[in-house]
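Let me begin by presenting the structure, written as structure tokens, before commenting on it.
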Amino acid sequence: MATETHDTVAGVCVDAGGSALGMPQLCADWMPNQIFWLLVTLIAIYFVMSRIALPRIGAVLAERSGTITNDIAAAEELKNKAAEAEAAYDQALLDARAEAQKIVNAAKAEMQVALDVELQKADAQIAAKTAESEAAIGEIRAGSVKSVTAVAKDTAKALVVALGGTADAKTITAAVTARMKG
Amino acid sequence: MAEEKTGGLVFHPLDQFIVKPLFGDGAVSWYTPTNVTLWLGIALLCIVALFAIGSRGRAIVPTRVQSLGELAYGFIYKMVEDVCGKDGVKYFPYIMTLFVFILFSNYLALIPMSYSPTSMIAITAILGFGVFFAVTILGFVLNGPAFLGLFWMKDAPAILRPIIAVIEVISYFVRPVSHSIRLAGNIMAGHAVLKVFAGFAALTLVSPVAIVGIVAIYGLEILVCGIQAYVFTILTCVYLKDALHPAH
């Protein structure tokens, strides 16, 4: 069972078969070796960390947080600028709208004035034409009444004559006139 | 050690912790390069790769390796700052050294056939007692005799103060022992249990159970490795805080 290599390793802590006697952790023969190499390793790690790695990582982290802070500040500034620009744009839009409204109102007023003038002119013309027409109608009416009277007198006279009476112009006229009034 | 020739079942769960010389055979003297040296060296190389080489680019937008390093840096830095306060930050490199050493040793030990330095009581005792002596000396250097106020509870009733002081002193001196045995014990127990399950896997009848057991314990060990590194580091921070601000 025991091999050559195991035999040579064998000491206080290892049996002839190469197995541990008791706990290897408690083997005093091996402790100085572990402690020595542990100290070497720890010192090496400490120098690597404190001289190279940690300052470098710390610097990178600081630089990054600085960059982020700067970027956030720049972004804030740009945002403010954008807000300003937007406000200016809104103002310009409002101004333009007000201007347009003003122009529209002025044009409307102008048109209203012109319209009023034209309407008055047209009204006057219409009134003139109406008066003219009324005069003509009155004339025609008067003429027609006169004609009716004449026709009635003549008819009456002719009727009286035809019935064998004597046509007294005066009497007939008076009668016709009285009837016309009736 | 239990060795059953009949079933071919061989249990040597502690053989994985044997210290062997790397080159040739012979006695292990204090300077001999051994398997301990090898795995400590591998841990050192991994730490250099992650923290020094990984951060070489000093990129504002980090690479994956660099962001891992930054993560560990931020994690420990915040821990030191939170526990010890602003004046504890100048001890951050020491605590970071402890943390990365324990973390990498623990996780590298999970590689099959590897060696686990943090399971050796000699190594964790050096770490634990190192922290203890450093913190105690630092406490006296910074505070002078006022450091002893750590043991004298001013808020306690006057009669109880001496009794509490005795308890406090005992608990103070137990600190390095518990500090180092906690780490070594956790890692050693985990690895020994893994080895026992692996021994059972040689039996055809129970090998499925044994293999499922190995997987489960391995998963648990992954947790334990991280947690033990974290616990060791945060306790170091707590002890350091006592040295910096001994008044309760």
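The values are calculated or read from the model by the stated rules, or taken from the named source; none is laboratory data. This one's a predicted model, so the numbers in the text were calculated from it and none came from an experiment. In this analysis, Cβ positions are derived from the backbone assuming ideal geometry, glycine residues included, and neighbour counts consider all displayed protein chains.
Would you check which residues across the range A:125-182 are small (G, A, S) and outside any helix (DSSP H, G or I) and list them?
A:G164, A:G165, A:A167, A:G182
Look at the range B:26-42 and say how many of its residues are surrounded by 14 or more Cβ atoms within 10 Å (Cβ to Cβ), at the interface with chain A (Cβ under 7 Å from one of its Cβ atoms) and either over 23 Å from B:F104 (Cβ atoms) or in contact (Cβ under 8 Å) with a residue 24 or more places away in the chain (or both).
3
Across the range B:200-233, what is the total count of residues that are crowded, with 17+ Cβ neighbours inside 10 Å and either under 23 Å from B:G185 (Cβ atoms) or in contact with a Cys (Cβ under 8 Å, 6 or more places away or on another chain) (or both)?
11
Does B:M96 count as at the interface with chain A (Cβ under 7 Å from one of its Cβ atoms) and either closer than 28 Å to B:E221 by Cβ or not aromatic (F, W, Y) (or both)?
yes
Could you list, in sequence order, the residues of the range B:54-71 that are more than 9 Å from every other protein chain (Cβ to nearest Cβ) and among the hydrophobic types (A, V, I, L, M, F, W, C)?
B:V65, B:L68, B:L71
Tell me the helices (runs of 4 or more DSSP H) entirely within the range B:32-124 that contain at least 2 residues that are more than 22 Å from A:I43 (Cβ to Cβ) and of a type in the set (D, E).
B:64-84
For the range B:187-208, enumerate the residues that are away from chain A (no Cβ under 13 Å), in a helix (DSSP H, G or I) and touching a residue at least 24 places away in the same chain (Cβ under 8 Å).
Within the range B:187-208, B:G190, B:V193, B:L194, B:V196, B:F200 qualify.
Table: residues versus (1) within 13 Å of chain B (Cβ to nearest Cβ); (2) at pLDDT 95 or above.
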site: A:V12; (1), (2): yes, no
site: A:G17; (1), (2): yes, no
site: A:C27; (1), (2): yes, no
site: A:I35; (1), (2): yes, no
site: A:I43; (1), (2): yes, yes
site: A:E77; (1), (2): no, yes
site: A:D90; (1), (2): no, yes
